[in-house]
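A.B. asks: Starting off with a structure, shown below.
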Amino acid sequence: MSKMQVVCGGQSLWIVLLFTSLQLWGRLSASASTAAPLPPPTLYIHSRSKCATVVACRTPAGHRGDKFMLFRENREKVDSRELQSSAEEVLFTVRVSEWDSVQLFCCLYLEQGSPYSPFSPYLNLETPKDTAPACWLPPPVLSVNPPGGVVKRGDTLSFTCSAPVPSGSHSRPSHGEPLTFFLLGAGERTGPPPVVLEPRSSRGSSPEPQPGVFSVGPVSGGEEGGYKCIYQVTRGSLVNSSVSNVVQITITDALPVPTLVLQQQTDAWRLRCTGPPAYPGAVFSLYLAGSNVPVATQRAANHQVTFQVPVQDTPMASYQCQYNVQLGSQWTKSERSLPLAVTRGFPDPSETDLPAVDWPLVLGSFSAGVLFLAVVALVVVVSHRKVKAVAEEKKRRQEAQFWTKVHAKDHVVDLTLRRTSFPTQEWESLDSTTETASRSPLWNAHSTFTTPIH
């Protein structure tokens, strides 16, 4: 009985496994039948220019792609586009190449949940021979200072047109090849489009190309708009490069702020108001700070005027100046200058004629005086010490000479005593002689013995 249960249990297990396998196979077959291969896309020319061709990769009807890729004939990927939302068509830009007169391209696409589609049929792109040389030179890069191209009237613009760095490609200008740069106007402009030629310049020994630099200004209003540049080389004939990027120039309506200063002119003080050099002949006005009524108005012969200092009712007054210029058919006012405080009763330069104190000169003179006095004091001290030493040396020499003379007068006296016998008569004569000698001294206290005694 137990054997029968084991055999029946094993058969039922095999039946369950076989049924499960059949169900899984059916599901896989159903999914394979629904995920049919995608049809190939179509590649065609959308537009064409001198230096580039725009091709379009389009999916068949009823299909949309999330990713498109463009290939050359050797299946080398040229470009790819991965979209955020699926689309039926994607555009690719193909640059004209100098060394390929005929080029074959194809594309494919990927739809979500499906494998890649087959390649599209090849598209043959031919390069027109008459337009190819102009496209062999890559475009330069145009930049402007100040960055952003936002300037005020009266400012000056500086454009820099930089050619690409030479490389192994034949489409780039070669090392040392002379270049000529052009600055061109682009788009609609308020004034005539400028065409500025930069003199021909060579790269020299440096591999880096020397850029073309252009100065435009002072800006008066007609320079607003777009700018672009090209460079030109000689290869049998003149060949122009592709056009650079476009730089937009915006001119603000705010005029530069003038400056007001108090200065001395001949025998009086004047207020001088200076505007930008770009607006000669402007009309200048002088105002009290906070007042809308001008104190004085004057037309400038160039870009600055001078006003007499008005009579003041207060001890101190602040002044501002402003200028008006005609731009087209309208007059435009600048902003007022910073306030300048003027005190009443300031000295007349003709009476005082006191120059401004030059503190560096004063400090320098003081330092020179102190140094001179220090040198003089040092010389005096050294001279005094030297004179004192000479005087002491002279005194010592005099004392030495004196004592030398004194010692030269001294004599050594031989006082050797000898026994002598005298007779009686001689003693009497000796006594008389001694008595006579006692009356006259034998030596002076201030002298040595002069007569020897025998």
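The values are calculated or read from the model by the stated rules, or taken from the named source; none is laboratory data. Nothing here was measured: the structure is a model prediction, and the numbers come from that model. Methodologically, a virtual Cβ is constructed for each residue, glycine included, from the backbone with ideal geometry; neighbour enumeration extends over all protein chains shown. Quick note on the areas: whole protein, heavy atoms, side chains included, nothing else; ligands and nucleic acids left out. Shrake-Rupley method; radii C 1.70, N 1.55, O 1.52, S 1.80 Å.
A.B. asks: Name the residues whose placed amide hydrogens come within less than 5 Å of the amide hydrogen of ASP79, ignoring near sequence neighbours (fewer than 5 apart) on the same chain.
C.D. replies: LEU70
A.B. asks: Moving to a separate point now. Using mean Cβ contacts within 10 Å as the protection proxy, how do 72-79, 114-121 order, highest first? Walk me through the numbers on the way to the answer.
C.D. replies: On the way: 72-79: 11.5, 114-121: 15.4.
So the peptides 72-79, 114-121, ranked by packing, come out 114-121, 72-79.
A.B. asks: Let's test the formula: R0 of 51 Å, r as the Cβ-Cβ distance of GLN248 and GLN308. What FRET efficiency results, to the nearest 0.05? Could the numbers behind the result be given before it?
C.D. replies: On the way: r = 46 Å, r/R0 = 0.90.
Efficiency computed from Cβ-Cβ geometry: 0.65.
A.B. asks: I've got another one for you. Between THR234 and TYR116, take the C-beta separation as r, use R0 = 45 Å, and let me know the FRET efficiency to the nearest 0.05.
C.D. replies: Details: r = 48 Å, r/R0 = 1.08.
Efficiency computed from Cβ-Cβ geometry: 0.40.
A.B. asks: Using the Cα centre as the reference, give the magnitude of the dipole from point charges on the C-beta atoms of the range 231-347 (Lys, Arg: +1; Asp, Glu: -1; all else neutral), rounded to the nearest 20 debye. Please report the intermediate quantities before stating the final value.
C.D. replies: Values: 7 positive and 4 negative charges, 38 e Å.
In debye, rounded to 20, the range 231-347 gives about 180.
A.B. asks: Subtracting the Cα-Cα distance from 0.36 nm times the residue separation, let me have the gained length for ARG272 to ALA52 in nm, one decimal.
C.D. replies: Working: separation 220, 0.36 × 220 = 79.20 nm, distance 6.00 nm.
Result: 73.2 nm gained on full extension.
A.B. asks: If packing is taken as the average count of other Cβ atoms within 10 Å, what order do 385-398, 146-159 fall into, highest mean first? Each step should come with its number before you reach the end.
C.D. replies: Numbers: 385-398: 10.0, 146-159: 16.4.
So the peptides 385-398, 146-159, ranked by packing, come out 146-159, 385-398.
A.B. asks: Please state the Cα pair-distance histogram of the range 257-348 with 10 angstrom bins from zero: what percent is in each bin?
C.D. replies: Once binned at 10 Å, the Cα pair distances of the range 257-348 give 17, 50, 26, 6, 1.
A.B. asks: Continuing with this model, one more query. Hey, can you rank 319-325, 211-217, 377-383 by average C-beta count inside 10 Å, highest first? Could you put the intermediate results ahead of the total?
C.D. replies: Values: 319-325: 23.9, 211-217: 17.9, 377-383: 10.0.
Going from most to least packed, we get 319-325, 211-217, 377-383.
A.B. asks: Ignoring ligands, DNA and RNA, how do VAL309, VAL243, VAL94 rank by accessible area with a 1.4 Å probe, largest first? Could you put the intermediate results ahead of the total?
C.D. replies: Numbers: VAL309 35, VAL243 75, VAL94 10 Å².
Putting VAL309, VAL243, VAL94 in descending order of accessible area: VAL243, VAL309, VAL94.
A.B. asks: Another question, if that's okay. Quick one: if you stick a label point 7 Å off each Cα along the C-beta vector at LEU83 and LYS388, how many nm between them?
C.D. replies: 11.0 nm
A.B. asks: Using a 1.4 angstrom probe and counting only protein chains, how large is the accessible area of MET316 in Å², to 10?
C.D. replies: Using a 1.4 Å probe on the heavy atoms, I get roughly 120 Å².
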